[in-house]
Each structure stands twice: as C-alpha cells, then as structure tokens.
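The values are calculated or read from the model by the stated rules, or taken from the named source; none is laboratory data. None of these values were measured; they are calculated from a predicted model. Counting neighbours? That spans all protein chains shown, and the Cβs are built from the backbone with ideal geometry, glycine included. Ligands, DNA and RNA are excluded from the accessible area calculation, which covers all protein heavy atoms including side chains. Shrake-Rupley method; radii C 1.70, N 1.55, O 1.52, S 1.80 Å.
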Amino acid sequence: MITDTAELRINPVIKKEFPLCLRTKFINNPASIETYLSIGGYEQIKRVLKNKITPEALIEEIKISGLRGRGGAGFPTGLKWSFMPRASQGDKYIVCNSDEGEPGTFKDRDIIKYNPHQLIEGMIIAAYIMGAKTGYNYIHGEIWGEYCSFEEAIKEARAAGFLGSNICKSNFNFDLHAVHGYGAYICGEETALIESIEGKKGQPRFKPPFPATFGIYGKPTNVNNTETYATIPWILEYGGQAFSDLGVKNSGGTKIFSVSGHVNKPGNYEIQMGMPFKDLLDLAGGVWNDRKLKAVIPGGPSTALVPAKNILNATMDYEGLTAIGSSLGAGSLIVMDDSTCMVKTLKRLSYFFYEESCGQCTPCREGTGWVYRIIKRIVDGNGKPEDLRLLTDVSKKISGRTICALGDAAAVPVLSFINHFEKEFEYYIRHGRSMIGNTHD
Amino acid sequence: MLSIQSKNKIDQELKKYPDNQKKSAVIAALQIIQKEKGWLSNKDISLVSQYLEIPEIAAMEVATFYNMFDLKNVGKYKISVCTNISCMLRDAEKLVNHMKKKFDIDFNELSKDGKFYLKESECMGACGGAPLITINNHDMYENLTIDKFDEIIEGLK
C-alpha cells in the first residue's frame, strides 16, 4: 500500500490498483481480525474514544475528504451524517446497505469477504458520531456465504471488545447485527430496506420524512453503502485531505469498480478516482477474444449506456462520466464487445426492471411490463414501425412519476440504448432479426 | 409444529431486534423453516406467523414478495441460474439450454425423478464470476462452463 501521500500529489493518477477498502485482500487469511489488527485495524476507534474526539471534528474531517456515498447516489457523506439528530434522546440506528442487486455490481461482496473488520470499524465510528446504539448490515440474500462469514466477523469483533457494552472502556455502547434479504432488488433502496428490516415487503416509503428523522421503527436512522463505511477508518488514519488528494476535483479518494461482461479478467478493481477509462479496461485485461469495444454501461443499468467512441477518452469519476452523458452509479462497469445485440440486451434489462418493480406505483408497475412486452415482440420478429416512439414515450412517462428511483432507472437503459443504437432497433423491426452476427446466440 | 432446532434458530434471530419488534425476524424465520423443509407450505407460513405473534397475512405477504422463497415443491436440488446482463454477456443462455436439455425440463419445472428444479434468477451480485448458479439458494458456483456444471451435478448424485 502507498502511504506517502506527498508522492501521490505529484503523480495523482497511477495506472494501478489502490487497495483501500480492500487493503487486506492481498494478505493471507484476509478476513480475520488478526490480519486487520496487524495493519493497524481498530486503532482509529480506539484513538477516537481515548481522546474523546468530538463528533463535530470527525464530521469535519469526513467533509474535507470529499467522500460521497458509494451506493450510487453520490451524496456527500459528511453532510449526510450531520443531518442525524445525534443529541436527541431515544434509539437511533445506523444501517449498512450491502444489498447489491444492481446488475454488474459485486464490490460490497468483496469488502465483506476480504475486509469485514474495516467495515465494522467504520460502522462503529459512524455509530459514535451519530449516537446510535444499534446497527444492521443488510446483506443480499444470494451471497449467503458472505452473510455467514460476516456473522463470524461480528463475533470476533465482539469477543475482542469492539462491539457490545463499554467499548474500549469508554462507556460507549454499540452492537451490530447481520441481517439478510431474500431476493428483492428493490430492498437496495434505503426506505425499502428499512421496511424489510421491519419484516415487511420491500416497498419504498415516501420521502420526506427522510430516514434521518423517521427510519427503522420510526427512529432516526442513517443508511450508507458498505464501501462508504469501510472508507472511514482510512480517512481517520491518513486524514481527509490525503483521501481527497487520491482522487480528482469533486471526486475524492478511491472507488471500487466492478468490471463484468466481455473482458478477459472480470473482477473488482479499486482505483483512484479520475483514472482514464482505458487504464481501467487494461487492468481488467482488455476486451476478450481480441474483439472491439462496442459500448459500456459505466455504473450499472440505472446509468446510461455509452458507446465506445464516447468513453474511450473519459475518466472514471463523477464529473468525468457526467460529462459523457452517463454517471458513476455504483461503479459497475459492464463491457460489451462488437458481437453484442443491443436489442436483445435491452430486452433482458427491461425484463429485470419489470420483474423487480415492487408494484406500488402504477407508472412503474404497468410501464415496466409494457416496455418489456414491446421489446419482446421486436425480438420475436413482430415489431411495428411505431414501436420505438412508443418505447420512448412510455419510458418518459414512468420517469419522475414514482415514489422511488426504480422507475427512473427503468427508463434509463431504454432511452440510452435507443438513442445510441437506433439503427439496430430499426433494422430489427424491419427485418425481424438482429443486424449483428451474434456469436453469443 | 416447528421443530425445537428451528425455534432455537429463530430465537437467535429475534435477539437482533427490540423485544416488541418480533416481526422483524420474519424473513429469517421463513428462511430457517424453508431450509429445514425444502419449501414453504401455507401451514408452515402460518406456524411462523403464530410463533412471531404476527397476523398470518403479514408472513404470507413476505413469503410471496421475496423471490428466494419457494411456495411449492422444488425437488431435492433447486438450481437458480442468473440470466441477467453480465451473465448473459458471458453465455448464460448456452448453459441454460444445456440444463433444460439435461433435465428435460423448462424453467419452473421439476425433473421427472423429482430431483432437479430450474429457476431463472435475477442478479445475484457476483457478476465477476459470471455465468453462475446457486443450488438450494445458499451454495453458489461461479465461472461455469457446461463441463464444470456437469461435474457439479455429478457430485450431487
């Protein structure tokens, strides 16, 4: 690991990985508490409690770091934590959202698998800052192995005195529990997740009130992504400025990119924000089978598709991806080579949103099904000339008319796929078959 | 009746929540019973609701909402295969066709010997290992090829 941040200021963009949330990944037995302690783990919570550092000072440090929520929305973490009414009496909760179900996203799984204690320490610090006594880590039901291993990590931390009553003999109490989903994408939405923890269907709530005032059981609750919490111990160890310096303007620090699809080495790559797309693609081994890059979804299907020509000179950070008409999302890079049929790919994504719509809001419940059926009939060879206009029209009428962002997300692939590859859709409708000589049929 | 073992496991889950919020444990409780019995009958769901002291409909709502719950017999081995985008791009469809042929069933069907059930799944959050499956919800197998899949199935028999 690079510890000399002065060197980084001189050469801010380094063409390699920078393991920060995943900093134990390359050590033997990475997930054990001994490994985490050996790299200075749990020293930050000890220091905070011993020196009675004030929550205000810690929030200030996090604000300096420029850390933005890593779950996809990119909201500044320091600001968010300042919204919690930490001085108010009564129960307060902090929740870690490890319900990764956005296609192409699998970074939180690796944090839990390789470095669970850094996440736990981050959550303890967050609980101290926000005055919470109880925390939950809500883990995607499908990654059952990680749910079980996180339970073990909690036991280790409790046995070592970092969870429970009187942590580090400071009179500070906090306990953490692992809970699991059981197959519902929508539970990654924070208010649906809260409903799920309450033992209900995962149907999002109206906001406001926001979770900071009305969360689990109606109590103040802070929900953040796994990667966000796991970053906190590093920020306190090296300072907010050092973290900010790792990235670029408005995108401080590092980010784990989950790279999947048509690359030689799919996997998670934790890099400094602002790395050129080309370098990240190189890290992932480049496009497979010596094929050409056709398009990329940079942040999961809720972010707009970008054709190869637009992304080749882009940088991987919030502004870099906004500048090319997409966004960073959760850092879920889905790579497509030139054998990919965009019509069939969109059909699968549309099915996903249709299947996962919770059914609460009519535009989303009905609209996602409508969109899927239109694309399905195009793929079945029964498309009509007016279908593209209809798809665009229906999608625009879902967007912005629902309680949560799933409706908006469902519209994004439809509009961006058609926008960039309209000819492919027109060809399919006219000829009843794909214009791509698809080797993946 | 719920078994003593199941009740003990549910009690462990209840410790995660305030005493007056037993409902919070419903997903975990249904999971525990499904794991024990293979799938959830209406009777099972009713027993869970009684144990947690919540209305039966509240447990039923949860059982029907979360798609890893199985409300009918799914055989000895339920194979869930992800066909979402990252798996699709890495030829999940070829794997699916192979499975269907091998067991002579379509999605949501049980093989004639009652052993295998196929389910199409949404993203499991492990796309770096695409294509992938889970068997009986909890055991994940990644980076599959047709040969590797056949080996796994051979190991189950």
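With a 1.4 angstrom probe, the accessible area lost at the A-B interface totals about 4200 Å². Of the GluC sites (Glu not before Pro) found in region A:317-408, the ones in coil according to DSSP and having at most 11 other Cβ atoms within 10 Å of their Cβ are A:E386. Ordering A:417-425, B:139-147 by mean Cβ neighbour count within 10 Å, with the highest value first, yields A:417-425, B:139-147.
Backbone amide hydrogens, once placed in the peptide plane, bring A:L305 within less than 5 Å of A:S416, A:F417, excluding anything fewer than 5 places away on its chain. Shown is the FRET efficiency for B:S41 and B:I152, computed with R0 = 22 Å from the Cβ-Cβ distance and rounded to the nearest 0.05: 0.15.
Estimated from the Cβ-Cβ distance and a Förster radius of 56 angstrom, the FRET efficiency linking B:N8 and A:Y238 is about 0.80.
Evaluating 6.51 cos²θ - 1.76 cosθ + 1.60 at θ = phi - 60° for every residue in region A:391-400, the Karplus couplings come out as 4, 4, 5, 4, 4, 5, 7, 7, 4, x Hz, glycine and proline recorded as x. Heavy-atom accessible area, probed at 1.4 angstrom with all protein chains present, ranks A:W144, A:W81 as A:W144, A:W81, highest first. Across peptide A:316-328, the mean count of Cβ atoms from other chains lying within 10 Å of each residue's own Cβ comes to 0.
What does the charge count around A:G407 come to, taking other residues whose C-beta lies under 13 Å from its C-beta (Lys +1, Arg +1, Asp -1, Glu -1)?
Here the count lands on 0.
For the segment B:19-27, counting C-beta atoms of other chains within 10 Å of every residue's C-beta and taking the mean gives 4. Given axes a ≥ b ≥ c from the Cα gyration tensor, I'd like to know whether region B:4-65 is rounded (a/c under 1.5), prolate (a/b larger than b/c) or oblate. It comes out oblate by the Cα gyration axes.
In region A:348-364, the residues that give up 50 Å² or more of accessible area when the other protein chains are added, compared with the chain on its own (1.4 Å probe), are A:R348.
Residues within the reach of a label modelled at A:T392 (point 7 angstrom out along Cα to beta-carbon, backbone nitrogen below 17 Å), restricted to region A:405-425, are A:411-425.
When the Gaussian network model of chain B links Cα atoms closer than 10 Å, the mean-square fluctuations of B:I33, B:I105, B:I57 top out at B:I57. Computed from backbone phi with θ = phi - 60° and the Karplus coefficients 6.51, -1.76 and 1.60, the 3J(HN,Hα) list for region B:114-120 is x, 8, 10, 10, 10, 9, 7 Hz; x is used for glycine and proline.
Karplus-based coupling profile of region A:137-152, in residue order and whole Hz: 10, 8, 10, 3, x, 6, 9, 4, x, 6, 4, 5, 5, 5, 4, 5, with θ = phi - 60° in 6.51 cos²θ - 1.76 cosθ + 1.60 and x standing for Gly or Pro. With the simple model of a label 7 Å out from the Cα in the direction of the Cβ, B:E53 to A:N382 spans 5.4 nm. For A:D337, nonlocal amide neighbours, meaning residues 5 or more places apart or on other chains whose placed amide H falls under 5 Å from its own, are A:H262, A:K294. The Cα atoms of the protein assembly as shown give a gyration tensor whose axes a ≥ b ≥ c have a/c of 1.5 or more with a/b no greater than b/c, which makes the shape oblate.
Remark: the protein assembly as shown carries 39 Å² of accessible area per residue (probe radius 1.4 Å; ligands, DNA and RNA excluded). Accessible-area loss of 50 Å² or more (1.4 Å probe, protein heavy atoms, chain alone versus all protein chains) is found in region A:156-204 for A:H180, A:Y182, A:G199, A:K201. Distance from the alpha carbon centroid of region A:411-432 to that of region B:86-117 works out to 29 angstrom. Round to the nearest 0.05 the FRET efficiency obtained for A:E366 and A:E34 when R0 = 51 Å and r is the Cβ-Cβ distance. About 0.40, to the nearest 0.05. Surface composition of the protein assembly as shown: carbon and sulfur atoms hold 50% of the protein heavy-atom accessible area at a 1.4 Å probe.
Quick check on my link table: of A:K219/A:K397; A:K265/B:K115; A:K200/B:K22; A:K52/B:K15; A:K92/A:K255; B:K37/B:K148, which ones sit more than 23 Å apart, alpha carbon to alpha carbon? Table pairs above 23 Å Cα-Cα are A:K219/A:K397; A:K265/B:K115; A:K52/B:K15; A:K92/A:K255; B:K37/B:K148. Peptide A:253-261 has a mean shielding of 3, counted as Cβ atoms of other protein chains within 10 Å of each residue's Cβ.
Once backbone amide H atoms are built at 1.01 Å from N, A:R23 has no partners under 5 Å, excluding neighbours fewer than 5 places away on the same chain. Extension gain for A:R401 to A:A87 (0.36 nm times residue separation, less C-alpha to C-alpha distance): 109.4 nm.
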